[in-house]
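*Asks:* Mind having a look at this structure? Questions to follow.
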Amino acid sequence: QQQVKQSPQSLIVQKGGISIINCAYENTAFDYFPWYQQFPGKGPALLIAIRPDVSEKKEGRFTISFNKSAKQFSLHIMDSQPGDSATYFCAAMRLLGSARQLTFGSGTQLTVLP
Amino acid sequence: DGGITQSPKYLFRKEGQNVTLSCEQNLNHDAMYWYRQDPGQGLRLIYYSQIVNDFQKGDIAEGYSVSREKKESFPLTVTSAQKNPTAFYLCASSAGRTTSFSYEQYFGPGTRLTVT
């Protein structure tokens with residue numbers, strides 16, 4: 001019930017195209033859904049996040065779409081650039097006791113071709 | 001310059017030896033976390049601490065130990081009991097106030113541990 005399923009495992013997109021990464025969850029106790037971007041040999045960096053009372057959040061070229069009834073959320077990267085090539089992780093957070101815990105998806109390796 | 005530092009970046013150890021990974025933050029965050037990352041997998045929680053002198057086991061705590069004697073520091077010891085210790089280890093911190101919206105976790109640059 002704590003699992004977050006992420007797809008696809010890898011994604012290749014042409015420069016200027018739209019990259020779409022999908023995640024699904026089961027546990028309705030999750031109440032915060034961040035996306036992280038990770039470059040090789042570096043720690044993940046928070047990219048964008050959404051709460052379940054909002055269906056969409058946009059920051060620049062990055063948009064999260066959230067479907068609470070389906071328990072699914074996705075990241076859209078518009079006008080993808082070679083510099084966006086990285087591994088992207090979705091995550092879901094819940095309150096466990098007095099602590100907030102993140103559960104991560106397995107990651108999507110995005111390659112944007114020039 | 002605020003942030004999270006992890007040292008060393010690369011660490012090599014022989015099987016059977018304990019090794020301690022350092023994590024320091026100057027963000028004045030209450031909560032700190034240790035994650036393990038294996039190739040092709042997401043991050044898995046090892047231990048977390050909400051406050052000094054208190055910490056809780058995460059999903060994969062077996063073979064690891066931690067301490068939280070100072071707010072800024074949360075070292076992780078990988079013991080010889082950990083069956084597959086070779087991995088990328090990430091430390092994170094957050095403001096930790098569960099009643100606020102300061103949920104974001106900020107990650108350090110990681111330590112790659114190789115045990116042979």
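The values are calculated or read from the model by the stated rules, or taken from the named source; none is laboratory data. Since the model is a prediction, treat every value here as computed from it, not as a measurement. Every residue, glycine among them, receives a Cβ derived from its backbone with ideal geometry; neighbour counts consider all protein chains shown.
*Asks:* Return the only residue of A:47, A:75, A:11, A:113 being touching a Phe, Trp or Tyr at 6+ places or on another chain (Cβ under 6 Å) and more than 16 Å from residue B:104 (Cα to Cα).
*Replies:* Details: A:47 fails: more than 16 Å from residue B:104 (Cα to Cα); A:11 fails: touching a Phe, Trp or Tyr at 6+ places or on another chain (Cβ under 6 Å); A:113 fails: touching a Phe, Trp or Tyr at 6+ places or on another chain (Cβ under 6 Å).
From the options A:47, A:75, A:11, A:113, the qualifying one is A:75.
*Asks:* Restricted to segment A:92-114, and to residues that are over 28 Å from residue A:16 (Cβ atoms) and within 10 Å of the chain's Cα centre (by Cα), which residue is nearest to the other protein chains (Cβ to nearest Cβ)?
*Replies:* Just the residues of segment A:92-114 that are over 28 Å from residue A:16 (Cβ atoms), to begin with: A:92-104.
Imposing the further condition that a residue be within 10 Å of the chain's Cα centre (by Cα) reduces the set to A:92, A:104.
Numbers: A:92: 11, A:104: 3 Å.
Here the answer is A:104.
*Asks:* Pick out the one residue from B:18, B:53, B:28 that is over 12 Å from the mean Cα position of the chain (by Cα), on the phi > 0 side of the Ramachandran plot and in contact (Cβ under 8 Å) with a residue 24 or more places away in the chain. First the steps, then the outcome.
*Replies:* Values: B:18 fails: on the phi > 0 side of the Ramachandran plot; B:53 fails: in contact (Cβ under 8 Å) with a residue 24 or more places away in the chain.
Only one candidate passes the filter, namely B:28.
*Asks:* Out of curiosity, is residue B:33 without any contact (Cβ under 8 Å) to a residue 24 or more places away in the chain, crowded, with 20+ Cβ neighbours inside 10 Å, closer than 29 Å to residue A:90 by Cβ and out of contact with any Leu (no Cβ under 6 Å at 6 or more places or on another chain)? Spell out how you get there, then give the answer.
*Replies:* On the way: without any contact (Cβ under 8 Å) to a residue 24 or more places away in the chain: no; crowded, with 20+ Cβ neighbours inside 10 Å: yes; closer than 29 Å to residue A:90 by Cβ: yes; out of contact with any Leu (no Cβ under 6 Å at 6 or more places or on another chain): yes.
For residue B:33, the condition - without any contact (Cβ under 8 Å) to a residue 24 or more places away in the chain, crowded, with 20+ Cβ neighbours inside 10 Å, closer than 29 Å to residue A:90 by Cβ and out of contact with any Leu (no Cβ under 6 Å at 6 or more places or on another chain) - is not met.
*Asks:* Among the residues of segment A:80-89, which ones are outside any loop (DSSP other than H, G, I, E, B) and either of a type in the set (S, T, N, Q) or surrounded by 18 or more Cβ atoms within 10 Å (Cβ to Cβ) (or both)?
*Replies:* Looking only at segment A:80-89, we keep the residues that are outside any loop (DSSP other than H, G, I, E, B), and these are A:82-84, A:86-89.
The answer is A:84, A:86, A:87, A:88, A:89.
*Asks:* Please tell me if residue B:73 is farther than 19 Å from residue A:44 by Cα and surrounded by fewer than 21 Cβ atoms within 10 Å (Cβ to Cβ). Please lay out each step first, then the result.
*Replies:* Values: farther than 19 Å from residue A:44 by Cα: yes; surrounded by fewer than 21 Cβ atoms within 10 Å (Cβ to Cβ): yes.
So residue B:73 passes the test.
*Asks:* Moving on to the next point. Could you pull out every one of the strands (runs of 3 or more DSSP E) wholly within segment A:1-71 that has 3 or more residues that are touching a residue at least 12 places away in the same chain (Cβ under 8 Å) and surrounded by 13 or more Cβ atoms within 10 Å (Cβ to Cβ)?
*Replies:* In segment A:1-71, the matching strands (runs of 3 or more DSSP E) lie at A:4-7, A:10-14, A:19-25, A:33-38, A:45-50, A:62-67.
*Asks:* Does at least one position in segment A:90-113 carry a residue that is over 30 Å from residue B:30 (Cβ atoms), outside any strand (DSSP E or B), at pLDDT 95 or above and of a type outside the set (Lys, Arg)?
*Replies:* No.
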